[in-house]
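Engineer: Got a structure for you, written out below as C-alpha cells; questions coming shortly.
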Amino acid sequence: LAANIFAISAAYNFLKKAGDISSLTRAQEQYAIKTGTSMKLLTSRMQEATGGMLAFEAASQAAAIGSAAGVSTDQMEQLAQAAKNTSVALGRDLTDSFNRLVKGAIKAEPELLDELGIIVRLDTVTADYAASINKTAKQLTAFERTQAVVNAVLEQTTEKFDDVGNNVNQIARLGKSFDDLVKKIMKVINPIAQFAGGVLADNIEALAAAFGV
C-alpha cells in the first residue's frame, strides 16, 4: 500500500509539473504578444549565460521578476553569468546562487546576498547611484532604487568572481540536458494528463474508486 501511494504521489507530481511548465510556456507567449518582449527568448539567453546549467523553471521565474521590475535583458543575462561564476567560485548550487542573486538584487534583500560574499548596504548604494544621476536618495524612483542595487551587485560579482567563469560542472550540464528531455516528454503527455485530470476532478467518486483499485 505504501509503495502504491508513493507511486501515485510521484505520478501526480510529475503530471502537475508538466501542467505547470505548459502554463508557464503559454503565459510567456501571451506576454510576448501583449508587450512585445519575448520572455521565452530572455529565458533562453539566461540559460545560455550559465553555460546551459540553469533549468527552465528557474530562468523563467527570474525573467518574470526582472521584467516586472524593469531590469533590462542585458542585466538579467549578467546576473545569470554572475550566478554561474559565483557558484563555481564558492562551490555552491547554481540554482540557489542564481535565486539569491536575482531576488537579492531586484527585491533589495541584502541578507540573501551575504552568503555569497556580496555585501550591499542599501543606504550607501542608493546614495552613490543618486549622486551619479544628480539626485538625492530621497528623489529616486522605485525603478532607480532597483537599478542602484542591481548595478552594485553586478559590480561586486564582476570584481570578485569574473575570472572563474570558464570552469563548468559537466555533470550539472548533464542534469540540465536530462531536465530538457523530461520537459519534452511532459509537453507530449500534458494534453492527455489535463483531460484525465479534468474528468477525475469533476468526478471525485470515480477518483476515489480508482484509488481503491
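The values are calculated or read from the model by the stated rules, or taken from the named source; none is laboratory data. Note that this is a predicted model, so its numbers are computed, not measured. Cβ atoms come from the backbone with ideal geometry, glycine included; neighbour counts cover every protein chain shown. We work out accessible area using only protein heavy atoms, side chains counted, and drop any ligands, DNA or RNA first. Shrake-Rupley method; radii C 1.70, N 1.55, O 1.52, S 1.80 Å.
Engineer: So, in Å, what gap is there between the alpha-carbon centers of the stretch 130-146 and the stretch 81-98?
Structural biologist: 29 Å
Engineer: Where does each of 141-149, 186-194, 58-66 land if you order them by average Cβ count within 10 Å, highest first? The partial results should precede the final answer.
Structural biologist: Details: 141-149: 16.9, 186-194: 14.2, 58-66: 21.6.
Top to bottom by mean Cβ count within 10 Å: 58-66, 141-149, 186-194.
Engineer: Only loop residues by DSSP count here, and only those with at most 13 other Cβ atoms within 10 Å; note down the trypsin sites (Lys or Arg not before Pro) in the stretch 75-127 that meet that.
Structural biologist: Counting only loop positions with at most 13 other Cβ atoms within 10 Å, the trypsin sites (Lys or Arg not before Pro) in the stretch 75-127 are 107, 121.
Engineer: Quantify, in whole percent, the carbon and sulfur part of the accessible surface of the stretch 54-161 (1.4 Å probe; protein heavy atoms only).
Structural biologist: Numbers: 2390 of 4880 Å².
Answer for the stretch 54-161: carbon and sulfur cover 49 percent of the accessible area.
Engineer: Next question. Just add up the charged neighbours of residue 10: K/R +1, D/E -1, any other residue whose Cβ is under 14 Å from the Cβ of residue 10. Walk me through the intermediate numbers first.
Structural biologist: Details: positive: 16, 17; negative: none.
Summing Lys and Arg as +1 and Asp and Glu as -1 gives +2.
Engineer: Can I ask one more? Please compute the Cα-Cα pair-distance distribution of the stretch 1-119 with 5 Å bins starting at 0, giving whole percents from short to long.
Structural biologist: The percentages, shortest bin first, are 2, 11, 19, 19, 17, 12, 10, 6, 3, 1, 0.
Engineer: Let me ask another. How much of residue 74 can a 1.4 Å solvent probe reach, expressed as accessible area in Å² and rounded to 10?
Structural biologist: Near enough 90 Å² of accessible area.
Engineer: For the pairs 17/40; 107/160; 17/107, note any where the Cα-Cα span goes beyond 24 Å.
Structural biologist: As for pairs spanning more than 24 Å Cα to Cα, those are 17/107.
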